[in-house]
Amino acid sequence: MVSAEVKKAFNDIKTLRVQGATNVAMAALKSLESVRSKKALVEAADFLVKSRPTEPMMRNGLKYVRYKTSAGLTVKQAVKAYEIMIDSALDRIAEIGARRIKEDSVVMTHCHSSAVMRVLKKARQEGKKFRVIACEARPLFQGRITAAELSGYGIPVTLIVDSAMRSYVNDADLCLVGADAITADGHVVNKIGTSMLALAAHEARTEFGVASELLKFDPDTVSGALEPIEERDAKEVWGEKHKNVTVENPAFDVTPPEYISFVLTEQGILNPYSVFSTVEHTYRWMI
Ligand code: RUB
(Lines give C-alpha, C1' and ligand atoms only; values in the text may rest on other atoms or scores of the structure.)
Protein backbone atom coordinates (compact mmCIF):
# COMPACT_ATOMS: atom_id res chain seq x y z
CA MET A 1 0.00 0.00 0.00
CA VAL A 2 1.49 3.34 -1.00
CA SER A 3 0.80 6.50 1.03
CA ALA A 4 -1.95 9.02 0.21
CA GLU A 5 0.73 11.58 -0.77
CA VAL A 6 2.33 9.15 -3.24
CA LYS A 7 -1.11 8.29 -4.69
CA LYS A 8 -1.94 11.99 -5.07
CA ALA A 9 1.36 12.70 -6.85
CA PHE A 10 0.71 9.72 -9.15
CA ASN A 11 -2.76 11.03 -10.06
CA ASP A 12 -1.61 14.63 -10.48
CA ILE A 13 1.08 13.44 -12.89
CA LYS A 14 -1.16 11.04 -14.79
CA THR A 15 -3.92 13.60 -15.30
CA LEU A 16 -1.41 16.34 -16.24
CA ARG A 17 -2.35 18.54 -13.30
CA VAL A 18 1.43 18.47 -13.06
CA GLN A 19 3.05 18.68 -16.50
CA GLY A 20 6.52 19.01 -17.98
CA ALA A 21 9.40 16.67 -17.20
CA THR A 22 10.97 18.83 -14.47
CA ASN A 23 7.73 19.41 -12.57
CA VAL A 24 6.82 15.73 -12.91
CA ALA A 25 10.17 14.64 -11.44
CA MET A 26 9.87 17.05 -8.53
CA ALA A 27 6.24 16.17 -7.71
CA ALA A 28 7.11 12.45 -7.67
CA LEU A 29 10.15 12.98 -5.47
CA LYS A 30 8.44 15.33 -3.04
CA SER A 31 5.78 12.70 -2.36
CA LEU A 32 8.51 10.29 -1.23
CA GLU A 33 8.97 12.40 1.89
CA SER A 34 5.84 10.66 3.21
CA VAL A 35 7.43 7.17 3.18
CA ARG A 36 8.61 5.72 6.45
CA SER A 37 10.66 2.62 5.55
CA LYS A 38 13.08 1.30 2.94
CA LYS A 39 10.42 -1.17 1.75
CA ALA A 40 7.85 1.63 1.40
CA LEU A 41 10.39 3.69 -0.57
CA VAL A 42 10.92 0.88 -3.07
CA GLU A 43 7.17 0.33 -3.42
CA ALA A 44 6.48 4.04 -3.89
CA ALA A 45 9.24 4.39 -6.50
CA ASP A 46 7.97 1.36 -8.45
CA PHE A 47 4.47 2.81 -8.34
CA LEU A 48 5.43 6.36 -9.36
CA VAL A 49 7.43 5.34 -12.47
CA LYS A 50 4.21 3.99 -13.96
CA SER A 51 2.53 7.43 -13.83
CA ARG A 52 4.20 8.52 -17.08
CA PRO A 53 6.51 6.22 -19.02
CA THR A 54 8.51 8.84 -20.99
CA GLU A 55 10.11 10.55 -18.01
CA PRO A 56 13.75 9.56 -17.35
CA MET A 57 14.25 12.63 -15.17
CA MET A 58 11.74 11.19 -12.73
CA ARG A 59 13.29 7.71 -13.03
CA ASN A 60 16.78 9.16 -12.45
CA GLY A 61 15.48 11.08 -9.43
CA LEU A 62 13.91 7.99 -7.88
CA LYS A 63 17.16 6.10 -8.46
CA TYR A 64 19.15 8.97 -6.91
CA VAL A 65 17.00 9.01 -3.76
CA ARG A 66 17.30 5.24 -3.34
CA TYR A 67 21.06 5.39 -3.87
CA LYS A 68 21.58 8.32 -1.48
CA THR A 69 19.37 6.87 1.25
CA SER A 70 21.35 3.61 1.12
CA ALA A 71 24.44 5.78 1.60
CA GLY A 72 22.97 7.29 4.80
CA LEU A 73 20.95 10.37 3.76
CA THR A 74 17.33 10.71 4.87
CA VAL A 75 14.71 10.73 2.11
CA LYS A 76 14.09 14.43 2.78
CA GLN A 77 17.80 15.24 2.41
CA ALA A 78 18.11 13.20 -0.81
CA VAL A 79 15.00 14.82 -2.33
CA LYS A 80 16.33 18.26 -1.40
CA ALA A 81 19.70 17.45 -2.99
CA TYR A 82 18.00 16.44 -6.27
CA GLU A 83 15.86 19.58 -6.18
CA ILE A 84 18.96 21.75 -5.73
CA MET A 85 20.65 19.91 -8.61
CA ILE A 86 17.69 20.66 -10.90
CA ASP A 87 17.42 24.25 -9.80
CA SER A 88 21.07 25.06 -10.26
CA ALA A 89 21.02 23.29 -13.65
CA LEU A 90 18.11 25.51 -14.70
CA ASP A 91 19.88 28.66 -13.46
CA ARG A 92 22.94 27.78 -15.50
CA ILE A 93 20.82 26.91 -18.56
CA ALA A 94 19.07 30.28 -18.26
CA GLU A 95 22.36 32.14 -17.95
CA ILE A 96 23.95 30.44 -20.97
CA GLY A 97 20.75 30.37 -23.01
CA ALA A 98 19.97 34.07 -22.54
CA ARG A 99 23.21 34.84 -24.40
CA ARG A 100 21.79 33.07 -27.45
CA ILE A 101 18.68 35.28 -27.58
CA LYS A 102 19.48 38.13 -29.93
CA GLU A 103 18.12 41.66 -29.63
CA ASP A 104 15.03 42.19 -31.83
CA SER A 105 14.90 38.50 -32.71
CA VAL A 106 12.05 36.01 -32.97
CA VAL A 107 12.14 32.78 -30.95
CA MET A 108 9.78 29.94 -31.78
CA THR A 109 8.82 27.29 -29.24
CA HIS A 110 6.53 24.30 -28.87
CA CYS A 111 4.53 23.09 -25.84
CA HIS A 112 5.53 24.35 -22.38
CA SER A 113 9.01 23.81 -21.02
CA SER A 114 10.23 25.28 -17.75
CA ALA A 115 13.80 25.24 -19.11
CA VAL A 116 12.79 27.31 -22.14
CA MET A 117 10.74 29.64 -19.93
CA ARG A 118 13.75 30.26 -17.64
CA VAL A 119 15.94 31.16 -20.66
CA LEU A 120 13.40 33.58 -22.12
CA LYS A 121 12.63 35.13 -18.73
CA LYS A 122 16.34 35.68 -18.05
CA ALA A 123 16.91 37.26 -21.49
CA ARG A 124 13.98 39.61 -20.85
CA GLN A 125 15.30 40.48 -17.35
CA GLU A 126 18.61 41.38 -18.98
CA GLY A 127 16.68 43.95 -21.02
CA LYS A 128 16.61 42.15 -24.37
CA LYS A 129 13.67 42.82 -26.65
CA PHE A 130 12.41 39.87 -28.69
CA ARG A 131 9.16 38.16 -29.48
CA VAL A 132 8.04 34.55 -29.33
CA ILE A 133 5.96 32.38 -31.62
CA ALA A 134 4.32 29.61 -29.58
CA CYS A 135 2.66 26.55 -31.09
CA GLU A 136 -0.49 25.57 -29.24
CA ALA A 137 0.44 21.86 -28.72
CA ARG A 138 -2.78 20.03 -29.36
CA PRO A 139 -4.60 18.18 -27.94
CA LEU A 140 -4.05 19.67 -24.46
CA PHE A 141 -2.90 23.17 -25.48
CA GLN A 142 0.17 23.56 -23.29
CA GLY A 143 1.15 26.34 -25.75
CA ARG A 144 -1.47 28.50 -24.04
CA ILE A 145 0.36 28.07 -20.72
CA THR A 146 3.55 29.21 -22.49
CA ALA A 147 1.84 32.23 -24.04
CA ALA A 148 0.24 33.32 -20.77
CA GLU A 149 3.47 32.88 -18.79
CA LEU A 150 5.57 34.82 -21.32
CA SER A 151 3.05 37.62 -21.46
CA GLY A 152 3.48 37.91 -17.68
CA TYR A 153 7.21 38.49 -18.25
CA GLY A 154 6.41 41.28 -20.70
CA ILE A 155 7.35 39.25 -23.79
CA PRO A 156 5.08 39.62 -26.83
CA VAL A 157 3.79 36.27 -28.08
CA THR A 158 2.04 35.06 -31.21
CA LEU A 159 0.13 31.82 -30.61
CA ILE A 160 -0.35 29.63 -33.68
CA VAL A 161 -1.97 26.26 -34.42
CA ASP A 162 0.56 23.44 -34.73
CA SER A 163 -0.13 22.99 -38.43
CA ALA A 164 1.05 26.58 -39.06
CA MET A 165 4.62 25.67 -37.99
CA ARG A 166 6.00 25.49 -41.49
CA SER A 167 4.49 28.86 -42.41
CA TYR A 168 6.02 30.63 -39.40
CA VAL A 169 9.42 29.00 -39.02
CA ASN A 170 10.91 31.32 -41.65
CA ASP A 171 10.07 34.29 -39.40
CA ALA A 172 12.05 32.78 -36.52
CA ASP A 173 15.75 33.30 -35.81
CA LEU A 174 15.85 30.45 -33.32
CA CYS A 175 13.60 27.54 -32.36
CA LEU A 176 14.02 26.56 -28.72
CA VAL A 177 12.20 23.59 -27.19
CA GLY A 178 12.49 21.50 -24.04
CA ALA A 179 13.07 17.76 -23.69
CA ASP A 180 11.56 14.84 -21.86
CA ALA A 181 14.37 12.46 -22.70
CA ILE A 182 17.75 12.40 -24.43
CA THR A 183 19.07 9.07 -25.65
CA ALA A 184 22.63 7.70 -25.79
CA ASP A 185 22.80 8.32 -29.55
CA GLY A 186 21.67 11.94 -29.26
CA HIS A 187 17.97 11.71 -30.10
CA VAL A 188 15.64 14.05 -28.22
CA VAL A 189 12.15 13.04 -27.09
CA ASN A 190 9.74 15.92 -26.56
CA LYS A 191 6.08 16.87 -27.07
CA ILE A 192 4.51 15.46 -30.23
CA GLY A 193 5.13 17.93 -33.05
CA THR A 194 8.67 18.79 -31.96
CA SER A 195 10.26 16.66 -34.68
CA MET A 196 8.00 18.33 -37.26
CA LEU A 197 9.23 21.72 -36.08
CA ALA A 198 12.85 20.49 -36.23
CA LEU A 199 12.35 19.25 -39.77
CA ALA A 200 10.77 22.54 -40.84
CA ALA A 201 13.57 24.50 -39.12
CA HIS A 202 16.20 22.36 -40.86
CA GLU A 203 14.66 23.03 -44.25
CA ALA A 204 14.32 26.77 -43.48
CA ARG A 205 17.93 26.93 -42.14
CA THR A 206 16.61 28.17 -38.79
CA GLU A 207 18.71 27.24 -35.77
CA PHE A 208 17.02 24.56 -33.64
CA GLY A 209 18.07 24.28 -29.99
CA VAL A 210 16.96 22.04 -27.12
CA ALA A 211 17.11 23.40 -23.56
CA SER A 212 17.50 20.44 -21.22
CA GLU A 213 18.99 19.48 -17.90
CA LEU A 214 21.38 16.53 -18.37
CA LEU A 215 19.23 14.78 -15.74
CA LYS A 216 16.86 13.96 -18.62
CA PHE A 217 19.38 11.59 -20.13
CA ASP A 218 17.98 8.07 -20.24
CA PRO A 219 20.73 5.68 -19.05
CA ASP A 220 18.74 2.63 -20.22
CA THR A 221 19.29 3.70 -23.83
CA VAL A 222 23.03 3.02 -23.41
CA SER A 223 22.32 -0.70 -23.30
CA GLY A 224 19.93 -0.57 -26.25
CA ALA A 225 16.54 0.17 -24.67
CA LEU A 226 14.29 2.36 -26.80
CA GLU A 227 12.66 5.30 -25.05
CA PRO A 228 8.99 4.34 -24.56
CA ILE A 229 6.51 6.81 -26.05
CA GLU A 230 3.47 7.43 -23.87
CA GLU A 231 0.14 6.83 -25.61
CA ARG A 232 -2.54 9.02 -24.04
CA ASP A 233 -6.31 8.68 -23.93
CA ALA A 234 -7.94 9.00 -27.37
CA LYS A 235 -10.66 11.13 -25.75
CA GLU A 236 -8.15 14.00 -25.47
CA VAL A 237 -8.31 14.16 -29.28
CA TRP A 238 -11.97 13.35 -29.94
CA GLY A 239 -14.63 12.57 -27.35
CA GLU A 240 -16.85 10.82 -29.91
CA LYS A 241 -16.56 7.24 -31.12
CA HIS A 242 -17.22 6.30 -34.75
CA LYS A 243 -17.27 2.99 -36.51
CA ASN A 244 -14.03 2.33 -38.42
CA VAL A 245 -12.33 5.35 -36.87
CA THR A 246 -9.35 4.80 -34.59
CA VAL A 247 -7.89 7.76 -32.76
CA GLU A 248 -4.25 7.58 -31.75
CA ASN A 249 -2.68 10.02 -29.34
CA PRO A 250 1.08 9.69 -28.80
CA ALA A 251 2.28 12.34 -26.34
CA PHE A 252 5.85 12.62 -27.64
CA ASP A 253 7.99 12.18 -30.71
CA VAL A 254 11.68 11.67 -31.41
CA THR A 255 13.89 14.28 -33.07
CA PRO A 256 17.07 12.88 -34.63
CA PRO A 257 20.40 14.56 -33.79
CA GLU A 258 21.02 15.72 -37.36
CA TYR A 259 18.18 18.24 -36.99
CA ILE A 260 19.40 19.59 -33.64
CA SER A 261 21.81 22.54 -33.80
CA PHE A 262 22.67 22.39 -30.08
CA VAL A 263 21.59 21.08 -26.70
CA LEU A 264 21.67 23.79 -24.06
CA THR A 265 22.64 22.14 -20.77
CA GLU A 266 24.03 23.02 -17.34
CA GLN A 267 27.44 22.02 -18.73
CA GLY A 268 27.17 24.43 -21.64
CA ILE A 269 26.16 24.25 -25.28
CA LEU A 270 26.70 20.69 -26.50
CA ASN A 271 26.12 18.90 -29.73
CA PRO A 272 23.58 16.09 -29.22
CA TYR A 273 26.21 13.37 -29.75
CA SER A 274 28.30 14.57 -26.80
CA VAL A 275 25.46 14.57 -24.26
CA PHE A 276 26.20 10.98 -23.18
CA SER A 277 29.90 11.53 -22.43
CA THR A 278 29.10 14.77 -20.59
CA VAL A 279 26.53 12.96 -18.44
CA GLU A 280 29.14 10.29 -17.68
CA HIS A 281 31.43 12.99 -16.29
CA THR A 282 28.77 15.06 -14.54
CA TYR A 283 26.40 12.52 -13.00
CA ARG A 284 28.38 9.29 -12.60
CA TRP A 285 25.68 7.80 -10.31
CA MET A 286 23.22 7.85 -13.20
CA ILE A 287 25.03 5.44 -15.57
C1 RUB B 1 5.71 18.75 -21.80
C2 RUB B 1 6.88 18.80 -22.73
C3 RUB B 1 8.03 19.68 -22.32
C4 RUB B 1 9.08 18.83 -21.62
C5 RUB B 1 10.15 19.68 -20.98
O6 RUB B 1 4.81 17.71 -22.13
O7 RUB B 1 6.95 18.11 -23.73
O8 RUB B 1 8.61 20.28 -23.43
O9 RUB B 1 8.48 18.02 -20.63
O10 RUB B 1 9.60 20.42 -19.93
P11 RUB B 1 3.59 17.37 -21.13
P12 RUB B 1 10.50 21.02 -18.76
O13 RUB B 1 2.79 18.63 -21.00
O14 RUB B 1 2.87 16.26 -21.80
O15 RUB B 1 4.20 16.96 -19.81
O16 RUB B 1 11.56 21.86 -19.43
O17 RUB B 1 9.55 21.80 -17.91
O18 RUB B 1 11.10 19.85 -18.03
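Odds and ends about this structure:
- Here the spin labels are modelled as points 7 Å beyond Cα on the Cα-Cβ line, and at Arg205 and Glu231 they lie 4.2 nm apart.
- The calculated Kirkwood hydrodynamic radius for the chain is 19.4 Å, given to one decimal from all distinct C-alpha pairs.
- Radius ratio Rg over Rh of the range 130-287, counting only Cα atoms, Kirkwood formula for Rh: 1.00
- Along its three principal directions, the equivalent ellipsoid of the range 41-175 from the Cα gyration tensor extends over semi-axes of 35, 19, 11 Å, largest first.
- Charging the Cβ of each Asp and Glu at -1 and of each Lys and Arg at +1, and nothing else, the dipole of the chain about its Cα centre rounds to 940 debye.
- The range 1-88 - convex hull of the alpha-carbon atoms, volume per residue in Å³: 77 Å³
- Modelled this way, with points 7 Å down the Cα-to-C-beta line, the labels at Lys14 and Ser163 are 3.3 nm from one another.
- Bins of 10 Å from zero: percent of alpha-carbon pairs in the range 228-269: 23, 28, 24, 17, 7, 0
- Build a GNM of the chain with springs between Cα atoms under 10 Å apart, and of Leu90, Leu140, Leu264 the one that fluctuates most is Leu140.
- Positive-end residue of Leu159, Gly224, Met85, charge dipole of the chain with Cβ unit charges: Met85
- Taking amide H as placed 1.01 Å from N in the peptide plane, Phe217 has its amide H under 5 Å from the amide H of Ile182, each at least 5 places away in sequence or on another chain.
- Looking at the chain, the DSSP beta bridges with both ends there are about 35 percent antiparallel.
- Listed residues Thr183, Thr206, Thr194, most fluctuating in the chain (Gaussian network, C-alpha, under 10 Å): Thr206
- For the set Arg52, Arg59, Arg99, solvent exposure ranked by accessible area (probe 1.4 Å, protein chains only) runs largest to smallest as Arg99, Arg59, Arg52.
- In a simple Cβ point-charge model (Lys, Arg +1; Asp, Glu -1; nothing else charged), the range 160-223 has a dipole of about 140 debye relative to its Cα centre.
- Basic side chains Lys and Arg get +1 at the Cβ, acidic Asp and Glu get -1 at the Cβ, and with that the dipole of the range 44-118 about its Cα centre reaches some 320 debye.
- Computed over the chain with a Gaussian network model linking Cα atoms closer than 10 Å, the most mobile of Arg66, Arg36, Arg124 is Arg36.
- Between the residues Phe130, Ala179, Ala147, the greatest Cα displacement towards the positive end of the dipole of the range 98-190, with unit charges on the Cβ of Lys, Arg, Asp and Glu, is found for Phe130.
- In nm, spacing of pseudo-spin labels at His281 and His242 (7 Å Cα→C-beta vector): 5.5 nm
The values are calculated or read from the model by the stated rules, or taken from the named source; none is laboratory data. Computed from a prediction, not measured in an experiment: that's the story for all the values here. With ideal geometry, Cβ positions are generated from the backbone for all residues, glycine too; neighbour counts draw on all protein chains shown. Side chains are part of the model used for accessible areas, which takes the heavy atoms of the whole protein and leaves out ligands, DNA and RNA. Shrake-Rupley method; radii C 1.70, N 1.55, O 1.52, S 1.80 Å.
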